Amino acid sequence: MKKMKDMLLTREPFAELVMGNTALVRAMIESGTRVVTSYPGSPTPEIATAIGSIPPEQRPFYFEFSTNEKVATEVAYGAAVNGHLSTVFFKSVGLNVAADTFVQLSMMNITGGMVIVLGDDPGANSSQNEQDNRHYARMSYTPILEPADPREVYHFYLKAAAFARSNGMAVILRLTTHVCHAKQKVNFGHWRPAVPDDTPAFDPANGPYIPLAALVFPFKKRALENLSRARKLAESQDLNTIVDNGNPARGVITAGLPFHSLMEVVKDIPKPPDILKLAMPYPLAADTVTSFLENHREVKVLEELDNELETEIKSLAFDRGLKVKIVGKRDLDDWMGEYSPDKVRIVLNKVWPDIVGLPKKEYPLEVAHRPAQLCPGCGHRSAFFAIKQALADTDITVADIGCHTLGFLPPYEMGQLLMCMGASTGIGSGLSLFNKTRKVVAFIGDSTFFHAGLPGIINAIFNQHPLTLIVMENGTTAMTGHQDHAASGRNFNRATEKIPIRKILEALGIKHIYETDSYQQEKLRLAVEQAVATDQFAVVIARHPCMLKFTRQRRKQANYRPYQVVIDQQKCKRIQTCIARFGCPSFVRHANGAVKVNPDLCIGDGSCLQTCPSSAINAPGPVEGGNRTVEGGTSHLQKESQ
Amino acid sequence: MMASVFNIFLTGVGGQGIGMLSEILLRAVDHAGFMVKAVDTHGLAQRGGIVVSQIRIGEAVYSPLIQSGCADLVIALERHEALRAMAEMLREKGTLIYYDAVWQPLDVRLGKAKTVKNRQIDDLGRTLNARVIRVHRPELQDARMQNVAVLGLINKYNLVRGVESIHYQQAMADLMAGAGLEANLHLFKNVQNEIKV
């Protein structure tokens with residue numbers, strides 16, 4: 001078995017099939033990066049998985065999951081002004097959290113150098129929007145490198161780190177979902193570990209580091225001067241790619257993953273356009289772009305998400321008096337979605353229908369959607385089932401970010417509004433103003449509680465907002481792959497003291513705190529009824545460990561025996577509460593109304609037992625050899641195929 | 001060397017082992033000496049959503065993403081997802097191999113939508129002039145080995161030309177160890193009783 005750790009720590013050059021996120025970690029190691037920080041969020045968590053494959057004592061750099069992206073950025077900055085090359089990585093919307101610190105970075109002399117790795121999410125595969133973080137670069141005068149595949153992730157990080165260090169500044173490496181998760185063979189270089197100089201090198205004389213009022217202007221000038229240096233980097237021949245198809249009529253300027261989509265779409269057509277792929281969307285490589293514009297009669301700017309490049313390139317052409325026709329976005333659809341090869345077909349077909357056809361038509365689909373949902377045994381399911389019974393239909397429920405967000409789906413429909421990390425209590429507070437008739441209940445997960453939840457909670461106490469907050473505590477950052485948080489009892493590197501949420505709430509002076517295991521549905525229902533009846537700020541802690549994590553750990557144990565529930569078909573009255581209201585995916589609805597258990601899914605948690613009005617669900621028992629396929633979904637299949 | 005590009009589209013539900021199956025295939029293709037690119041799309045897959053993985057083999061491959069209707073081989077580990085991927089991705093005269101497990105989507109469980117029948121897959125297979133292979137091994141003790149059962153048949157029917165049994169075994173040895181590797185290798189070599197449709 002190949003070990004990721006051995007690959008990442010190889011001294012000699014080698015080639016390996018890796019995903020973009022893994023290529024990035026090797027680049028960090030080769031670059032001599034000393035401090036790396038993050039808060040988990042798709043599409044970046046596998047970066048930490050690769051880092052975690054190396055035991056802390058063998059890791060060439062320090063790594064932590066910080067409590068949120070802003071803190072992570074601050075830790076990386078603090079380390080960098082002490083002389084360490086540092087890197088912070090997080091998902092697209094994480095930059096909103098980090099923004100207050102991030103926008104200041106370009107003004108500072110960051111002596112060690114700093115790389116900010118962003119995991120943008122065109123197509124919103126796993127985010128609440130598909131925001132284009134290139135806007136932040138412009139606002140903060142921060143250069144961006146934008147790799148298109150794992151090879152470029154590796155090479156561009158090396159470039160970004162070297163440039164950041166030599167200029168004492170921050171540089172963005174902007175990845176997107178399918179760059180992070182793309183896999184290809186990458187040729188890696190030497191790793192020659194140097195003995196690190198860990199002398200704390202911070203010196204106020206390297207500053208100034210205090211931006212205040214009129215003192216700000218020298219800082220800003222520094223940022224603008226650094227940006228001028230980055231313009232030269234943007235022109236680098238070894239970073240940009242020109243595909244010369246000998247076509248003076250038509251050219252395309254693009255960047256990042258859309259370049260590969262474009263190559264795919266034009267590779268087999270008679271007169272393909274010339275292509276300029278820019279490595280840096282900001283600052284613009286003005287001379288390279290000018291030369292390309294001058295050599296073509298019509299240039300399409302093929303750009304995922306917003307029109308940053310288009311605006312810059314049109315402005316450049318105007319300033320330099322170029323006669324070329326520049327075609328940017330044609331309609332609102334061009335602003336939306338990932339620029340996959342199919343999407344690029346649609347976008348280019350609007351401009352050059354003579355050379356690019358639309359995607360192949362799909363066959364009519366008669367398959368139900370498959371939304372993500374809570375796992376079998378999830379404590380949140382038990383909690384929502386109970387909480388729904390405690391509330392009136394007119395009451396208002398506010399979700400936060402995390403697995404529990406999925407409660408908005410039927411059959412629970414708990415959590416009718418969603419914004420971003422930690423927002424539920426504040427939004428709930430606003431909903432409670434002038435509101436005497438509809439109770440307001442907000443939800444928050446435990447990792448989010450620490451991340452950005454506390455200010456809203458303290459505000460609700462301080463300003464006396466009458467709402468109920470339900471803390472859905474599962475002991476981990478579940479949605480992003482089970483990273484530990486401040487109440488888990490472990491950080492990324494070692495065991496720690498838990499910071500108990502209950503004690504924090506008590507210390508804040510909250511008078512009404514209720515607490516129960518989420519599987520105790522009756523107790524939870526009563527607690528929520530009492531909490532909303534107080535007409536004050538009240539908190540209910542609904543606690544159950546993440547059962548996905550728990551089950552995975554159990555399966556690794558030597559004495560593991562799978563357990564499952566069985567539905568007693570004699571007792572079952574086909575009321576279907578288990579399916580229609582409790583909604584565990586382990587239940588299978590048969591055409592005749594019978595309900596059985598899918599043996600591939602049931603984990604034998606038994607949280608469903610109490611929901612059955614006919615007591616037809618038998619307590620979980622060990623799965624016998626033959627039993628697996630007799631009951632439920634698979635046997636159903638056998639009948640059908642006969 | 002493969003003359004042109006060969007596209008493999010893998011799909012299933014979070015928890016079925018699409019990620020591992022895809023990684024084995026990817027490495028097997030590499031061991032066989034072909035150029036390859038791949039990408040996983042999992043979003044919130046861990047929570048019972050759809051997991052998709054794409055593998056593209058050949059010299060003239062740029063994007064890791066397959067265009068709709070351009071998959072030469074669709075591998076599905078669940079019946080609903082088999083039909084979905086077939087309708088969206090499979091090319092005419094392509095091949096679908098699917099493990100016939102049923103994990104009912106939410107609306108099917110709620111009685112708002114119909115479950116997919118094998119017949120629908122067969123019908124679309126005829127429309128597409130495609131080869132359809134249904135795999136079903138109810139005696140498997142661990143549902144999480146269904147992916148390797150399918151892999152064994154991909155090898156048996158030589159569905160990825162130029163990739164031999166030894167390459168798959170090398171890939172498995174790259175990714176697994178100990179008793180898990182032994183059990184999976186045993187299944188890989190001995191899987192026989194698929195039902196051809």
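Just so you know, all these numbers are worked out from the coordinates, no wet-lab data involved. If you're wondering where the values come from, they're calculated on a predicted model, not measured in any experiment. Quick reminder, even Gly has a Cβ in these numbers, built from the backbone with ideal geometry, and neighbours come from all protein chains shown.
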Practice prompt. Have a look at A:TYR136, A:TYR141, A:TYR209 and point out the one that is in contact (Cβ under 8 Å) with a residue 60 or more places away in the chain, closer than 24 Å to A:PHE90 by Cα and more than 14 Å from every other protein chain (Cβ to nearest Cβ).
Written response: A:TYR141
Worksheet item: How many residues does the range A:397-417 contain that are within 11 Å of chain B (Cβ to nearest Cβ) and over 17 Å from the mean Cα position of the chain (by Cα)?
Response: 3
Discussion item. Looking only at helices (runs of 4 or more DSSP H) that lie completely in the range A:501-599, which have at least 2 residues being of a type in the set (S, T, N, Q)?
Written reply: A:521-533, A:547-555
Worksheet item: Does A:SER261 fit the bill of being polar (S, T, N, Q), exposed (fewer than 14 other Cβ atoms within 10 Å of the Cβ) and assigned to a helix (DSSP H, G or I)?
Response: no
Worksheet item: What is the number of the single condition among (1) facing chain A (nearest Cβ under 10 Å); (2) touching a residue at least 40 places away in the same chain (Cβ under 8 Å); (3) not hydrophobic (A, V, I, L, M, F, W, C) that B:GLY180 does not meet?
Response: (2)
Worksheet item: Can you tell me which residue in the range B:135-171 is surrounded by the fewest Cβ atoms within 10 Å (Cβ to Cβ), limited to those that are in a loop (DSSP other than H, G, I, E, B) and within 14 Å of chain A (Cβ to nearest Cβ)?
Response: B:GLU139
Worksheet item: Where residues in the range A:293-342 are of a type in the set (S, T, N, Q) and more than 30 Å from A:SER126 (Cα to Cα), which of them is farthest from the other protein chains (Cβ to nearest Cβ)?
Response: A:SER315
Worksheet item: Can you tell me which residue in the range A:294-310 is nearest to A:LEU278 (Cα to Cα), limited to those that are touching a residue at least 40 places away in the same chain (Cβ under 8 Å) and part of a helix (DSSP H, G or I)?
Response: A:LEU309
Worksheet item: Which residue out of A:ARG502, A:ARG554, A:ARG490 is free of Cβ contacts under 8 Å to residues at least 12 places away in the same chain and surrounded by 15 or more Cβ atoms within 10 Å (Cβ to Cβ)?
Response: A:ARG554
Worksheet item: (1) within 20 Å of A:GLN520 (Cβ to Cβ); (2) part of a loop (DSSP other than H, G, I, E, B); (3) of a type in the set (S, T, N, Q): which one isn't true of A:GLN610, the others all being true?
Response: (2)
